[in-house]
Structures are given as C-alpha cells and as structure tokens.
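Worksheet for the structure shown next.
The values are calculated or read from the model by the stated rules, or taken from the named source; none is laboratory data. The structure displayed is predicted, hence computed values, not measured ones. Note that we place each Cβ from the backbone using ideal geometry, even for glycine, and neighbour counts take in every protein chain shown.
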Amino acid sequence: MALLPVSEAKSRLLNRAKPIETLETVPLGEANGRVLATGLAARLTQPPFHASAMDGYALNAADAPAIGTELTVIGSAAAGYAFEGALGQGETVRIFTGAPLPEGADSILIQEDAEKLEGDRIRTRFEVVKGRHVRPRGQDFSEGEIVLPAGTVLDFSHLTVAAAMNHPELPVYRRPRVAVLATGDELLPPGETPGSAQIIASNTFGIAALVRDNAGEVLDLGIVRDRQADIAAAIERARNEKVDVLVTLGGASVGDHDLVQSTLKAAGMELDFWRIAMRPGKPLMVGALGDMQVLGLPGNPVASLVTGMLFLEPLLRKLARLPERQREVQGVTAKTLGPNDQRQDYLRARLSRDRDGNLVAEAFEKQDSSMMKIFAHSDGLIVRPAHASELPAGAPCPVLLLRP
C-alpha cells in the first residue's frame, strides 16, 4: 500500500464520521462547552416589569415639564420590594436600580439631578425626559422567544442567559466516548520501576488529555501485553462499552510483534488505510469495527501526539458537532530549512515575534519522534510539504500552534 498524503487521509477519516445524534439533559452548571441540541426558549419575560436602570426618583414626566419643578416623595421602591400604590399628580417615589416602576411612573430622575427640600419634597435640577433610565418590560427577551438556537456551543455568556431564562437543565448532544488502548510488553505505568528492557508508558495521558480538550470522554483500557487474546479482550470491552472511537497506541504496523491490526481484522475491522506520507507518524491506522471508529496511532510518543492532533482532534470535533479548531498560522523561518523528501514534515519549533511583529519559527536541531522534552518545549510545528525545496531563512512557512 502506497503512502497516503496527509490531506487525503484526513478527508477519508472525516468523510466516514457522522455527528452524534444522541441527546441528553445535563445540569446548567455542567453544560459549559457542550453543544445545545434544541433551540432554547425563554420561560419568562426579562425584565418581567418596567424597571429602574438607576438610583433616583420615579415620576411621570408630564409632572415635571421644566427644571425646578417640585415633587412630593410618597414612598420608596428597591430591588425585590415594589412600591404598593400609584402616583398621583405631582408625586414621586424614591427608587433604586432594578426596582419595578410604580403605577403612574414613566421616567427616572437620577438622584444627582434632584435637590432635596424640607419634608418629603424634591426639586428637579435637570430636564426630565420621558422613558429615560427605564428598562421596559421584555427589553431583553420575552416568554417563548428562542434565544439560543440549536447547535450553539455553550460558553459563559450562553449559560448566563440560559439561567436567566429559568432553565436549570439543558438539552445537549452526548459527548464522544473514546477508548484508549496502549499495547506493548515493554510498557509500565508511571510510578513503577522499569526493568532493563522496559519503559514508562506516557502516550495514554497525552492522548486522553487531547480527547478531553475536544469534548470527549475517556475510557482507559490500560496497558495490554503483546498477546492476541489480551488485545482481543480489550477490543471486546470497548465494543461492549459502545464507544464511538477506539484509539490504539502502538502495534498497528505489520511486524512480528505488531498484533493490533491483525487482531482488529480478526474481530471484523474494515481497514481503510494504515500508512501516511508524514513525519513523524507514518504508521497510522484508520478503520471501522461496526459503528466504532478505529484510529491506530504510532507508538513513538511525539508521533502519537502529532497524529492525534492532526487526525483525532478533528474527528472528535466532528462527532461532537464542534467547529474545527484552527491551529494553522503564517510564520517565517528563523533559519534555512533543507529540502524535503516524499513525506510531509512537522518540525517542532519555538515561536517568537520579530521587531516587525512577524511570527518567527525556529526549528529544533533534533527532531527524533521519541524526544518528548523537545515537544513539551515547542510552541508550534513548522509544516514542510512533501518534496519541498530548500527554504531560506526569513521565508514564509505555515505553522501549527500547539497552544493558544
């Protein structure tokens, strides 16, 4: 099988993915980042009454036709405490922000524009304009109005208005469920003491974080030894849990000890492709096992993270109905980059700004796919297309941001 270009591989992966249709209801406090499944209608009108927008005096504008008009204060109103009664001619009510306007009032004279006189009297020191400093009933939204349409990706502003509309729970689409399976006799979990031929498993934690960052829920299948029966049992568990995506880490190639692909095929997986023209990350497997998508990532940690970002992230976002994350920006190279072969390169790089504001990408000298420290210290990945010619220092280049 020939190496598949990155763009074609991504298209084939996403074309077969279908957004999740299942709905669920979650408490308002747990809905941040979720996708609203149905249009959300207001259960009440906001404000529910004509309300004062300022501290001052509620009055009928017709009773204060000129500056210097004197009025009698007959009571007060505060937020949560309405004045029970109606204004007569020449009367006003002391009012505070958020309080309902009393019957007969249509305007607010702010307190700075009122002169207190002896007894319960005030004098206007500024022109009274009808309707000024009044929040009309329903100014924000009305009962039955669809304020948030289906498909809204809920954030702090949406949750605020949903609460104001009196919704304690929200209908959202279910999150994608992702099973993560690490394989290899050489792997031990963090905290263990490795033997002379063993290493600590790290990929699971980075991939699981990537899943959660893109609205997914993680089922950690743990570390499975290189035995077909053990791998098959883990695959069966993923199927029983009805996950949307099974992500395998390592073992997807066709070497003597790479049993993941053959075990998945024996379980009924329909293999689409498994080799990509990219570096790092050539051995990337894509297939389907019934309704479960299968994504086999390379065992090398950096290759696993790069392919996870390029393929798993957009897959999850499509399943979750989220917009694709735009990571690519334009930069310039800090130094000359040599010509490229048939594989598209993703070079770990530090990013900075020059005096003109250009984003400058400086590739690390070493790019081995096992070197996690360099990845952790990188800000972005310089993209070098297949068969690209030498790129001189200062030349434009696309960069994928690893972090905002």
### Summary
The lone condition Arg348 fails out of (1) among the charged types (D, E, K, R); (2) free of Cβ contacts under 8 Å to residues at least 24 places away in the same chain; (3) surrounded by 22 or more Cβ atoms within 10 Å (Cβ to Cβ) is (2)
### Message
Let me spell it out: the conditions are (1) at pLDDT below 95; (2) among the hydrophobic types (A, V, I, L, M, F, W, C); (3) in contact with an Asp or Glu (Cβ under 6 Å, 6 or more places away or on another chain), and Ile200 meets all of them except one. Which number is the exception?
### Response
(3)
### Query
Residue check: is Leu87 surrounded by 21 or more Cβ atoms within 10 Å (Cβ to Cβ) and in contact with a Pro (Cβ under 8 Å, 6 or more places away or on another chain)?
yes
### Query
Taking the stretch 194-221 as the search range and keeping residues that are surrounded by 13 or more Cβ atoms within 10 Å (Cβ to Cβ) and among the small types (Gly, Ala, Ser), which one is farthest from Ser262 (Cα to Cα)?
Ala215
### Query
Restricting the stretch 351-370 to residues that are surrounded by 16 or more Cβ atoms within 10 Å (Cβ to Cβ) and at pLDDT below 95, which is farthest from Ala277 (Cα to Cα)?
Gln367
### Query
Does Leu297 count as modelled with pLDDT of 95 or more, in the same structural domain as Val243 (by TED's automatic domain parsing) and farther than 30 Å from Thr152 by Cα?
yes
### Task
Hey, can you tell me all the residues within the stretch 103-141 that are of a type in the set (A, V, I, L, M, F, W, C), without any contact (Cβ under 8 Å) to a residue 60 or more places away in the chain and in a loop (DSSP other than H, G, I, E, B)?
Ala105, Leu117, Phe126
## Note on the structure
Cβ pairs under 9 Å, 6+ apart or interchain, first in the stretch 42-66 and assigned by TED's automatic domain parsing to the domain that holds Thr97, second crowded, with 20+ Cβ neighbours inside 10 Å and among the acidic types (Asp, Glu), ordered by first then second residue, are Leu59/Glu91; Asn60/Glu91; Asp63/Glu91
### Query
So, of the residues in the stretch 307-345 that are among the small types (Gly, Ala, Ser) and under 18 Å from Ala393 (Cβ atoms), which turns out to be surrounded by the most Cβ atoms within 10 Å (Cβ to Cβ)?
Gly331
### Task
Specify which of the listed residues (Asp258, Asp272, Asp220, Asp226) is of a type in the set (Asp, Glu), assigned by TED's automatic domain parsing to the domain that holds Ile200 and in contact with a His (Cβ under 9 Å, 6 or more places away or on another chain).
Asp226
### Query
Name the pairs whose Cβ atoms lie under 9 Å apart, with the first residue in the stretch 173-190 and without any contact (Cβ under 8 Å) to a residue 12 or more places away in the chain and assigned by TED's automatic domain parsing to the domain that holds Leu305, the second small (Gly, Ala, Ser) and buried (at least 24 other Cβ atoms within 10 Å of the Cβ), and 6 or more positions between them or separate chains?
none
### Task
Return yes when Val360 is without any contact (Cβ under 8 Å) to a residue 40 or more places away in the chain, among the aliphatic types (A, V, I, L, M), within 27 Å of Leu210 (Cβ to Cβ) and part of a strand (DSSP E or B) and no when it is not.
yes
## Note on the structure
Within the stretch 61-81, residues in a loop (DSSP other than H, G, I, E, B) and exposed (fewer than 12 other Cβ atoms within 10 Å of the Cβ) come out as Pro65, Ala66, Gly68, Gly80
### Task
Determine, yes or no, whether Leu148 is under 26 Å from Pro323 (Cα atoms) and out of contact with any Phe, Trp or Tyr (no Cβ under 6 Å at 6 or more places or on another chain).
yes
### Query
For Gly184, are the conditions met, namely being surrounded by 18 or more Cβ atoms within 10 Å (Cβ to Cβ) and among the small types (Gly, Ala, Ser)?
yes
### Query
Among Thr25, Thr38, which is β-branched (Val, Ile, Thr), more than 30 Å from Asp272 (Cα to Cα), at pLDDT 95 or above and assigned to a loop (DSSP other than H, G, I, E, B)?
Thr38
### Message
If a residue must be touching a Phe, Trp or Tyr at 6+ places or on another chain (Cβ under 9 Å) and touching a residue at least 60 places away in the same chain (Cβ under 8 Å), how many such residues does the stretch 152-167 contain?
### Response
2
### Task
Please work out if Val93 is over 26 Å from Arg43 (Cα atoms) and either assigned by TED's automatic domain parsing to the domain that holds Gly39 or of a type outside the set (S, T, N, Q) (or both).
yes
